[in-house]
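Right, one structure below, let's go through it.
The values are calculated or read from the model by the stated rules, or taken from the named source; none is laboratory data. Remember, it's a predicted structure, so these values are computed and weren't measured experimentally. Neighbour counts run over all protein chains shown; Cβ positions are idealised from the backbone, glycine included. SASA here: full protein model, heavy atoms, side chains in, ligands and nucleic acids out. Shrake-Rupley method; radii C 1.70, N 1.55, O 1.52, S 1.80 Å.
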Amino acid sequence: MTEHLVAETATLTHTAALARLGHALSDETRARILLSLRETPAYPSDLAESLGVSRQVMSNQLACLRGCGLVEAVPDGRRTSYRLAGEYLAPAFGDLLRLVLVVDPACCSSEGCTCA
């Protein structure tokens, strides 16, 4: 009986983690933030400007991504920058981009990739 409960708990934990990831990726702005942070940490104002969204939208989306455990705030004097929450995330997002090719082969051609 105990083994069954442990397996069920692990499954529920994994399911919850995948659901949080799915929620984070379900919004185009959040996905763009994650892809931007895959390259380098950034300040919210710089992210907002580069992605063409308001600072309020950026603040809300970063709060969501923090809540999902995907980004973390890094104090930098009077400012705060954001980065991916773990070094494993950047390669994982690269893997997800490659998976996009399976879902949408038109994403990339011999002339280059438009999904990166």
For region 14-70, what are the residues that are polar (S, T, N, Q) and either modelled with pLDDT under 90 or open to solvent by 70 Å² or more (accessible area, probe 1.4 Å) (or both)? Thr15, Ser26, Thr40, Ser50, Gln56, Asn60
Quick one: which of Leu96, Leu101 is open to solvent by 40 Å² or more (accessible area, probe 1.4 Å), within 15 Å of the chain's Cα centre (by Cα), modelled with pLDDT under 90 and farther than 13 Å from Arg30 by Cβ? Leu96
All-but-one check, Val74 against (1) in contact (Cβ under 8 Å) with a residue 24 or more places away in the chain; (2) in a helix (DSSP H, G or I); (3) surrounded by fewer than 17 Cβ atoms within 10 Å (Cβ to Cβ), failing number (2)
Among the residues of region 40-66, how many are in contact with a helix residue (DSSP H, G or I) (Cβ under 9 Å, 6 or more places away or on another chain), free of Cβ contacts under 8 Å to residues at least 24 places away in the same chain and either in a loop (DSSP other than H, G, I, E, B) or under 21 Å from Pro91 (Cα atoms) (or both)? 1
